[in-house]
Amino acid sequence: MDSPQTRKTALNLPTGMSETSLRLETLSGSLRGVSSLSSPSKSSTCSDRFIPCRSSSRLHTFGLIEKASPVKEGGNEAYSRLLKSELFGSDFGSFSPAGGNQVGSPMSPSKNMLRFKTDHSGPSSPYSPSILSHDSGLSSESSTPPKPPRKVPKTPHKVLDAPSLQDDFYLNLVDWSSQNVLAVGLGTCVYLWSAANSKVTKLCDLGPNDGVCSVQWTKEGSYISIGTNLGQVQVWDGTQCKRVRTMSGHQTRTGVLAWNSRTLASGSRDRNILHHDLRVSSDFISKLIGHKSEVCGLKWSNDDRELASGGNDNQLLVWNQHYQQPALRLTEHTAAVKAIAWSPHQSGLLASGGGTADRCIRFWNTTNGHQLNHIDTGSQVCNLAWSKNVNELVSTHGYSQNQIMVWKYPSMTKVTTLTGHSMRVLYLATSPDGQTIVTGAGDETLRFWNVFPSMKAPAPIKDIGLWSLGRTQIR
C-alpha cells in the first residue's frame, strides 16, 4: 500500500500551485453549485456557457417546474395543501402520500407545456379566477344591460274627422288596402282616403233605405266588398269606383266580411255564414250554420285553409274550407267574440277577444283545440291585430277605458297603452307596411298611431310632432 507521500508525488502540478490550493478551489466550486441548485430563485454568477441559468429562465412561469414549497417543521401540511388548492386550483401541484414532491420525468413533458398556470385552474374552487369565465356557465350577455323598452309615441300623428261613424260593436266599418287606401263606411256612404296624398273619394251611396255595415278589401287591394243593412254583399272596383257585383242570401244586415284568395265569406245577424265566389253566377256557393246569434267576427287563416268566426253567442268556431260543420267549437269566452286574429308568425295560432262580460284575450292552438294562454285586459275587447314585423299584437277596447294596448307575445307584457278616444274603439286597421294602425270610435274620429317598428330596421320609432295637432275631415 502506498503512503500519502507516494500519492502526492504522483501528481504533476504546475509550478507555483500546491495540492492544497487545488482542493480548496474544488470544494468552493462544489458548494457554489449546490447553493445554486437548492435556491434557483437567487442569482448566481456561476453558470455553464452551453446551459442557460435556470434561475433566469423563469420556467416556473410556464409551469415547466412544479415544485411545491417545502413544509416547515411543525407546520400544518394539510392546511398548506388546501390553501394552495384554493388559490391556484386543484391541479397546481400534487403531493405524494408521504408528503414528497412528484417530479415529472424529462422524457414525459408536463401537461402545462406552453400554458400559463392560471389557464388550468378549474372552477372547482369558488376563489378560482376562472369562476367568472365561460366554463362557469355565466355568459358575457349577463353583464350587458338590458335593452330599453321600445319607444312608442303616445299621441296620434294624424286625426281625421269621420262624421256619422256608428257606435255599434257588431259592425266593421274600416279597412286599409294593400295599395295604401283606407275605406270607411259613414252612414249610407263609403269613402276612400289615399294615405299617399290624403285625397278623399266618395265610392258609393246606398241611398236612404240602406246603410253600410261592413267593408273589406281583397288581398290585392283593387276590389272592395260592402255589406249592407238589407243583407246584400256588393263588390266594387276601387280604382274606377264602379260596382261589379251584387249578391244576396242573408235575411238581415251583413256586419262582417272576410276575403281569402278566391272566395268571400260574409257573416250576418241571421246567424249564418255564406261563401261567395265571383267566378260563378250563383249568389253563394255554401252556407255555414253553427252560431246561435249574430256573427260579428270573421278571419281566414294565412294559408286560407281555416276560417275563424265569432258570434254574439259567445262562441268561437273554426271551420275547414272543405266542410260545412265546424272543426272546433271553443266556448270559454263569456261575452260576444268580435276580435279575432291569426298569427303571421306561427301556424295554427289564433287570438280572440271577448266583450264586456269577458274582457279576456285568449290564445288557441287550432291543431288540437287547446287554449294556450289568456289574459284579463280589464275592459271590452273590440279588435285584435298581429304585427307582421315583430311578434306583437295590438288590441282596442271599449267599456270602460277606451284604450289601445300593444302586447309582446308570448310573454304578454304590455309595450304601451294609448288613449285619446272618448268612446269605444270599435274599429281597427293596419297599414300595408305594418308600422301604423288606424283606430275609429263612436266619437267620429279616426286616429293614426305609429306602434310597430319596420321589418328592415327595428329601431325605436320617433314621434312625429308635426302631425300631432293636424286634423282633417274625411269627407
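Quick notes on this structure:
- Among the residues of segment 339-356, the ones that are closer than 19 Å to Asp304 by Cβ and either open to solvent by 10 Å² or more (accessible area, probe 1.4 Å) or touching a helix residue (DSSP H, G or I) at 6+ places or on another chain (Cβ under 9 Å) (or both) come to 6 in all.
- Selection count where residues are farther than 30 Å from Asn312 by Cα and surrounded by fewer than 20 Cβ atoms within 10 Å (Cβ to Cβ), scope segment 179-216: 11
- Unique residue being under 30 Å from His157 (Cβ atoms), of a type in the set (A, V, I, L, M, F, W, C), in a strand (DSSP E or B) and touching a Gly at 6+ places or on another chain (Cβ under 6 Å) when the list is Val215, Val190: Val215
- Selection of first residues in segment 263-292 that are touching a residue at least 24 places away in the same chain (Cβ under 8 Å) and assigned to a loop (DSSP other than H, G, I, E, B) and of second residues that are β-branched (Val, Ile, Thr) and open to solvent by 10 Å² or more (accessible area, probe 1.4 Å), restricted to Cβ pairs under 7 Å at least 6 apart or on distinct chains, gives the following pairs, ordered by first then second residue: Arg269/Thr252; Asp270/Thr252.
- Selected residue (criterion: surrounded by the most Cβ atoms within 10 Å (Cβ to Cβ)) from residues of segment 235-247 that are in a strand (DSSP E or B) and over 41 Å from the mean Cα position of the chain (by Cα): Met247
- Residue match in segment 399-422 (condition: charged (D, E, K, R), touching a His at 6+ places or on another chain (Cβ under 8 Å) and either open to solvent by 10 Å² or more (accessible area, probe 1.4 Å) or outside any strand (DSSP E or B) (or both)): no
The values are calculated or read from the model by the stated rules, or taken from the named source; none is laboratory data. Predicted, not measured: the structure shown is a model, and the values here were computed from it. Cβ: placed from backbone, ideal geometry, glycine included. Neighbour counts: every protein chain shown. Side chains included, ligands, DNA and RNA excluded: accessible areas come from the protein's heavy atoms. Shrake-Rupley method; radii C 1.70, N 1.55, O 1.52, S 1.80 Å.
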